[in-house]
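Let me begin by presenting the structure, written as C-alpha cells, before commenting on it.
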Amino acid sequence: MIALRHALAALVCGLVLLLSEPASAQTDPSIQSPSTNDLHEFTRLLADDRIQEWLRQQAESAEDLIEPEALGLRDQFDALVLQTQRRIGTLIRTWEGLGQAPEMVQDRWEAQVTDTRRVQSLTFVLIFLFLGAGLEWLFRQYSNPVRRRLEITQFKTPAKRITAAVTRAALTLTGLLAFAIGSIGAFSAFDWPPILFALILNLLMAIVAIRVVGAMLILFFAPFVPRLRLVPVSTAMARVVCRSVLAFATVLIVAVASRDVFQQVIEVFNPPGGQNAILAVSVMLSLFVAFAALLCLHVGFFFAGRVSSDAATKSTGKWRGFLSLLIVISLALWILDLRPIMWSVLCIGALLVSLKLLRDWVDHAFDSAIADYMAKLPPPQVIDATDETTPDPESEQTVEIIDPYETYRPIAQRVVRFAAIITVGLILALIWNLGIFETTENPTVMQRIFTILLDSAAALLIADLLWTWARTAIDRRLNSYRPPTDGSAPGPEARMATLLPLLRVVLMVALLLMVAMSILSSMGVNIAPILAGASVLGIAIGFGAQSLVKDVVSGIFFLIDDAFRVGEYVEIDQLRGTVEKISIRSLQIRHHRGAVHTLPFGELKSMTNYSRDWVIMKLEFRVPFDTDLKLVKKLIKQVGAQLKENPDYGDSIIETLKSQGVRRMEEFNMVIGVKFMTRPGEQWLVRRDAYQGVRDIFEANGIRMAERNVKVELAGDENLTEEQKKAVSAAAHDAVTSRLPPGPILDEP
C-alpha cells in the first residue's frame, strides 16, 4: 500500500505540475484547462480500488519492460530480488482477501444462472456427452475388428510390434476425435451465458484431455495387452504407473479448468479485488496439485515395490526423493512468479529422469531384437541315443554366437541422449527468450553464455557419438580376432589387429583437438593464430627431433606397405622373433627365448618376414655311395604321405616331402636333398617329424647314414712311439673335420 500511495502521489504531482505550467499550455491554443467537474471525476477514479489495482499493475509492467539482459549480472540479480519481494507482498495481500473469492463467484453465479437454467444446462451437457459417445461408439463398431486382431496377434519383430501399438493408439485417438466433435462441436452451435459457456466448455475439454492422456498411457504401457507394450515393465508395474499418472493428470486438468473458469468469471464481471481473487485461487489450486503429485508419486512407488520383484525396479526408489524435491521447488518458484526458472528446473529434472528411462528403453529394444534373432537360429543338433559312437570331449568346440546388434547399441544410446539434451537446450532457449537463432550485432550476456554452452554441448555430443561408434566397431573387430596358435603363422586378419589400435589412438587425439578448437571458437577466441603457432611449433619440433619424425614417417610407410603384422616371425639384421607390439614410433619383437627387442622404425634397413604365404624347407641326408637312390626316393615319398595324413598339421602342408636326388658328392658320402612346402609357422613341426620319419624308415630298410672315418697312414713311423702316433692321428682328424660344412643354426625356434 505504501508503494501504491507513492505512485499515486507522484501521478497527482505530475498532473498538478502539468496544469500549473502556462508555457506548455501556450504551445497549443487548442488545449483547454480541465473543468472542476473533470477534476472531481478524476479524483473519484483515483479513489476506486479497481483503478488503483490497474495503476499498480501498469507500474509493475513498466518496470518489467526494462530488459534484464541489458543490465549486468549484479543488476539482474537485484531486479530478481526486487521482483520476488513485490511478489511476496502481493501474496500477502491476496491471502488477506482470499475469503472474498467464494462469495464473489456465488453472487455472480446466482445472478446469471437460475434454477431453471441449471437444469437445462445439465440436460444439455448430458445430451452433448451422449452425442459424442454415440459418434465414438459408431466408430468403434467399425474399428473393433482391427483392434481385436492387433491385440491377439503374435508379432515376431519389434518393428511390427511398435507399428501395431501405434495403430491401436491411432484408432483410440480417432475415436476420441469423434467424441470431441460430437460433444464440443454440438455445444459450440448454441449461445450460452458467459459463465455457462466457460464452465461447460472447460468441462468437455477436460474430459477429452483426460482421455487423451489415458490413450497415451495405453500406447506405451498397454496394461492389459502385454504383447503391445513398448515400455519394458511388468504387467503389474504397468497398471500401477497408469493409475498413478492418470490420477495426477486428472487432478491437474481439473485444476487448470477450474482456474480458467474462475478467471473468465472474474474478467466478465470485473468485481473489486478480482485479480487478487484469481491469484488466491491459483495458489490454492497449485498447492492442491502439488499435494496430489506427491501423493501419487509416493503411492505409485510404494505399490511398484510391492508388485515388482525386479531388483532394478525396486532400486528406482532412489528417484522418489529427487522427484519430490523437484515438485516442491517447482511449486515454490511458481508461487513466487519465477516462471522461467521454474520451467528450467522442470526441464532439467525431466532430462535427468528421461535419460535413464530412454537408456532402459533402448536396452529393452535391443534385447528384444537379439531374442528374435536367437529364435531364428537353427536349433542345436540332438545326438541320437542309438548311436554307439562316443564323441571325443577334446574335439568338441564351443560355438560362439555373435550378436549382430551389439555394435549399434551404444550408438543408439548416444543418439537418444544427444537428441534429448539438444531438445532440452532449445526449449530452455525459448523459455528465456534468448533468440539464439537471431543475428544481432550486440548479443546480450545471457545470449553469449547460452550460445557457448549450446555449441560446446553439441561439439562434445557429436564427438562422443563418433568416438563411441568408432571405438565400438574397433573393439568388436579386435575381440573377433583370434591370435594364431604356437607354431602357426598369423593370417591376413593380423593386419587388422595391427592397424586398428593405432587408428583408435589417432582418432581419439583428433576428436579431442577438434572439440577443443570448436569450444575455443564458440567462446570468441580466434583459433587462426593458435593453428599457425601450432604449425610453427610443429616445424620447430620437427627440426629438433628429426630422428623422432623419421621414426614416425618410416613407421607409417612400413604399415602402408604391410611389411609386418602382429604375431609374425621376422628377422631384422641379426635379430629374430615374433612381432608383439607396434606403436607410432617403434616395433617390439619377442625372441623365442623370451627376450624383447625394441627397434625404432627409422633404424630398420631391411627385414625378412618368415610368415607370409608359404615356406619351403630343405633338408639334407648323407648316405654312403652304394645306397640305392630309387629306394631312397620311394621311402621319402612314403614318409611324405604319412606327414600329409597327420591331423595336427596335415592341412598346412602345401607340397609334401619329396626327394631331389643327389645334391652333391662329398669326400666320404653323397648328399640327398629333400624339400617340402608348408604354411608359414608350420615348417618347424613338419621338419622335426620329417627327420625322425626318414631316420626310422632308412633304418628299417637297411640304409645307414654315412659316417666320417678318417684313416691316417704314417710313412716311416718306425721311430715313433705310440703316444706320438696317436697325436699325429688326432691332428690329421682335426684338420679334416675343420673343413666340414657348418651345422644347423642354433637360433631357430
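The values are calculated or read from the model by the stated rules, or taken from the named source; none is laboratory data. Since this is a predicted model, take the numbers as computed values, not measurements. When we count neighbours, we look across all protein chains shown, and the Cβ atoms used for this are built from the backbone with ideal geometry, even at glycine. When the accessible area is computed, the model is the full protein with side chains, heavy atoms only, and any ligands, DNA or RNA have been set aside. Shrake-Rupley method; radii C 1.70, N 1.55, O 1.52, S 1.80 Å.
Brief remarks on what is shown
- Single residue of VAL694, VAL671 found to be under 30 Å from ARG612 (Cβ atoms), of a type in the set (A, V, I, L, M, F, W, C), open to solvent by less than 50 Å² (accessible area, probe 1.4 Å) and free of Cβ contacts under 8 Å to residues at least 60 places away in the same chain: VAL671
- The residues listed here are ARG585, ARG590; of these, the one that is without any contact (Cβ under 8 Å) to a residue 60 or more places away in the chain, within 41 Å of the chain's Cα centre (by Cα) and buried (at least 16 other Cβ atoms within 10 Å of the Cβ) is ARG585.
- Only one entry in ARG576, ARG504, ARG565, ARG471 is outside any helix (DSSP H, G or I), at pLDDT 80 or above and not small (Gly, Ala, Ser), namely ARG576.
- Summed over region 512-542, the residues that are of a type in the set (S, T, N, Q) and either modelled with pLDDT under 75 or more than 24 Å from LEU460 (Cα to Cα) (or both) give a count of 1.
- Scanning region 180-197 for residues that are crowded, with 18+ Cβ neighbours inside 10 Å, modelled with pLDDT of 80 or more and out of contact with any Gly (no Cβ under 8 Å at 6 or more places or on another chain) returns a single hit, PHE187.
- Listed conditions (1) loosely packed, with under 13 Cβ neighbours inside 10 Å; (2) modelled with pLDDT under 85; (3) among the aliphatic types (A, V, I, L, M) are all met by ALA641, apart from (2).
- Members of region 633-656 found to be of a type in the set (Ser, Thr, Tyr) and assigned to a helix (DSSP H, G or I), listed by number: SER652
- ALA111 being in a helix (DSSP H, G or I) and modelled with pLDDT under 70: yes
- Region 152-166: number of residues that are among the charged types (D, E, K, R) and open to solvent by 50 Å² or more (accessible area, probe 1.4 Å): 2
- Residue match in region 186-193 (condition: among the small types (Gly, Ala, Ser) and out of contact with any Leu (no Cβ under 7 Å at 6 or more places or on another chain)): yes
- When region 221-260 is filtered for residues that are part of a helix (DSSP H, G or I), crowded, with 18+ Cβ neighbours inside 10 Å and touching a residue at least 60 places away in the same chain (Cβ under 8 Å), the ones remaining, listed by number, are LEU228, MET237, VAL240, VAL241.
- Answer from ARG211, ARG259 - the residue that is modelled with pLDDT of 90 or more and of a type in the set (D, E, K, R): ARG211
A quick yes/no check of all residues on (1) more than 29 Å from the chain's Cα centre (by Cα); (2) of a type in the set (Phe, Trp, Tyr); (3) modelled with pLDDT of 90 or more:
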position	(1), (2), (3)
PHE224	yes, yes, no
SER234	no, no, no
VAL254	yes, no, yes
LEU294	yes, no, yes
PHE302	yes, yes, no
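- Pairs where the first residue, in region 454-471, is within 23 Å of MET523 (Cα to Cα) and the second is among the charged types (D, E, K, R), C-beta under 7 Å, 6+ apart: ASP464/ARG414; LEU465/ARG414
- For region 703-712, the count of residues that are more than 30 Å from VAL632 (Cβ to Cβ) and either surrounded by 10 or more Cβ atoms within 10 Å (Cβ to Cβ) or modelled with pLDDT under 75 (or both) is at least one.
- Subset of region 429-456 (residues that are modelled with pLDDT of 75 or more and open to solvent by 30 Å² or more (accessible area, probe 1.4 Å)): LEU430, ILE431, TRP432, ASN433, ARG448, ILE449, PHE450, THR451, ILE452, LEU453, LEU454, ASP455
- Candidates LEU201, LEU171, filtered to the one that is in contact with a helix residue (DSSP H, G or I) (Cβ under 7 Å, 6 or more places away or on another chain), at pLDDT 90 or above and either polar (S, T, N, Q) or assigned to a helix (DSSP H, G or I) (or both): LEU171
- Only one entry in ILE348, ILE341 is exposed (fewer than 14 other Cβ atoms within 10 Å of the Cβ) and within 26 Å of LEU80 (Cβ to Cβ), namely ILE348.
- Residues located in region 317-333, provided they are open to solvent by 60 Å² or more (accessible area, probe 1.4 Å) and closer than 14 Å to VAL289 by Cβ: VAL328
- Residues located in region 117-151, provided they are of a type in the set (S, T, N, Q) and either open to solvent by less than 80 Å² (accessible area, probe 1.4 Å) or within 21 Å of ARG229 (Cβ to Cβ) (or both): SER121, THR123, SER143, ASN144
- Residues that are under 24 Å from ARG679 (Cβ atoms) and either surrounded by 14 or more Cβ atoms within 10 Å (Cβ to Cβ) or touching a residue at least 60 places away in the same chain (Cβ under 8 Å) (or both), drawn from region 601-619: MET607, ASN609, TYR610, SER611, ARG612, ASP613, TRP614, VAL615, ILE616, MET617, LEU619
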